[in-house]
Amino acid sequence: MPKIFVTRKIPDSGIIMLQNKGWQVDVNPKDKVLSKNELIKALKGKNYDAVLCLLTDKIDDQIFEATGSQVKIFANYAVGFDNIDLEAAKKRGIMITNTPGVLTDTVAEHTFALMLSIAHRIAESDKFTKTGKYKGWAPMLLLGTDVSRKTLGIIGLGRIGSRVAYHAVKGFEMKVLYTDKERNLEFEKDFSAQSGKEYDAKFVDLATLLQESDFISIHVPLLPATHHLIGEKELKIMKPGAYLINTSRGPIIDEKALVKALKEKWIKGAALDVYEFEPKLSAGLNNLDNIILTPHTASATEETRSKMAELAAINIIEFLEGRTPPNLVK
């Protein structure tokens with residue numbers, strides 16, 4: 001009977017799918033991230049056939065070694081997979097899978113929630129009201145910024161970035177600029193057909209996007225080339241009235257530079273769901289009024305987290321039954 005280890009509690013739907021196969025599923029009984037030593041101890045000598053891991057698990061060659069030669073698939077409960085040493089996995093013949101697609105709409109919605117909240121100063125207004133400072137309507141009280149018909153710059157035009165672009169145009173009549181490794185003519189064609197010719201998305205270089213955008217949303221994976229993609233130089237290029245939103249990976253932004261930029265008003269505001277030293281916050285981030293912080297919850301809806309669990313389970317099921325998993329990371 002196949003045995004699967006799940007590194008942390010996830011929605012029941014995925015676990016049930018594995019159990020319905022008659023397989024043994026062992027879930028970390030503690031709802032916390034396992035340290036490397038704890039994870040090694042949980043895996044060593046247990047003869048597991050598959051591991052369902054999370055983005056917060058650092059999966060390297062030592063972890064692979066601990067599983068012996070039996071585990072040939074690590075199913076990552078995430079779209080990203082920067083927590084896994086792909087080269088080490090390849091050398092050992094271990095498959096790595098992820099859970100793309102199912103969280104596209106949810107993360108795009110969260111991106112816009114952050115964008116609207118920082119522009120309209122929702123967090124500040126909530127705190128202001130709850131602490132009894134609201135004494136009545138005033139014409140200059142907590143003035144924010146309109147989103148409609150502004151320019152949105154999208155860094156990284158994958159599934160989520162594309163969906164954010166669509167919402168921007170259809171919902172807010174925004175002008176869209178995007179930058180990526182290369183121009184996406186297929187996206188531009190489909191985007192024009194769905195949104196109307198007057199709303200074409202324009203491919204530009206990063207410098208142009210930073211200079212011309214009122215709102216900038218990051219949607220690139222964490223790679224050596226994207227680490228600190230946004231630093232002091234880039235922040236100084238941005239408009240003084242611009243906002244920066246990040247729902248991708250924290251280290252893409254140099255947070256020390258961001259704190260300085262926000263304090264000295266190089267830009268108007270920022271909204272982050274991910275952090276450079278997650279879960280720790282860089283010094284000064286939590287003392288700023290012109291930033292909104294959420295705890296890596298961009299995909300945190302009941303529907304999406306359940307779908308992620310099911311997709312991770314499907315990847316394991318397909319592999320253990322001798323088929324190629326549908327979401328194999330290559």
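Quick note: the coordinates plus some simple rules give every number you see, no bench work behind them. Every value quoted in this text rests on a predicted model; they were computed, and no experiment measured them. Because the Cβ atoms are built from the backbone with ideal geometry, glycine has one as well, and the counts that use them run over all protein chains shown.
Brief remarks follow.
- Cβ-to-Cβ counts within 10 Å put Met308, Met1 in ascending order as Met1, Met308, the fewest first.
- Sorting the Cα pairs of region 104-293 by distance into bins of 10 Å, from 0 upward, gives 9, 37, 35, 14, 3, 0 percent per bin.
- Prolate/oblate/rounded call for region 1-71, Cα gyration tensor, a/c under 1.5 rounded: oblate
- Radius of gyration and Dmax over the Cα atoms of region 257-320, both given in Å: 17.5, 55
- Taking every DSSP helix (H) stretch of at least 4 residues in the chain, weighting each as -39,500 (n - 2.57) and dividing the sum by the residue count yields a mean residue ellipticity at 222 nm of -10500 deg cm²/dmol.
- Sorted into 10 angstrom bins from 0, the C-alpha pair distances of region 194-324 split as 11, 34, 27, 18, 8, 1 percent.
- The GNM of the chain, with springs linking C-alpha atoms under 10 angstrom apart, assigns the highest mean-square fluctuation among Ala168, Ala113, Ala50 to Ala113.
- By the count of neighbouring beta-carbon atoms within 10 Å, fewest first, Ile15, Ile118 end up ordered Ile15, Ile118.
- Length, then width, then depth: along the principal axes, the Cα atoms of region 105-156 run 43, 23, 14 Å.
- For q = 0.08, 0.11, 0.16 Å⁻¹, Debye-computed log10 I/I(0) when each Cα of the chain counts as one equal scatterer: -0.43, -0.77, -1.29
- Computed over the alpha-carbon pairs of region 38-146, the distance histogram in 5 Å steps reads 2, 10, 16, 14, 9, 6, 7, 7, 7, 8, 6, 4, 2, 1 percent, short to long.
- About its Cα centre, the chain has a charge dipole of approximately 540 debye under the convention of +1 per Lys or Arg Cβ and -1 per Asp or Glu Cβ, with nothing else charged.
- Anisotropy class of region 201-271 from Cα gyration tensor, a/c 1.5 cut: oblate
- Distance between the pseudo-spin-label points of Ser13 and Asp190 (7 Å out from Cα toward the beta carbon): 2.3 nm.
- The charge dipole of region 104-293, taken about the Cα centre with unit charges on the Cβ atoms of Lys, Arg (+1) and Asp, Glu (-1), comes to about 580 debye, rounded to the nearest 20.
- In terms of other Cβ atoms within 10 Å, His120, His219 run from fewest to most in the order His120, His219.
- For Lys260 and Gln70, the FRET efficiency from 1/(1 + (r/R0)^6), where r spans their Cβ atoms and R0 equals 56 Å, is about 0.65.
- Average silhouette area of region 35-96, convex hull of alpha-carbon atoms, in square nanometres: 3.5
- Net length available on complete extension from Asp289 to Thr208 is 26.4 nm, with 0.36 nm assigned per residue and the Cα-Cα distance removed.
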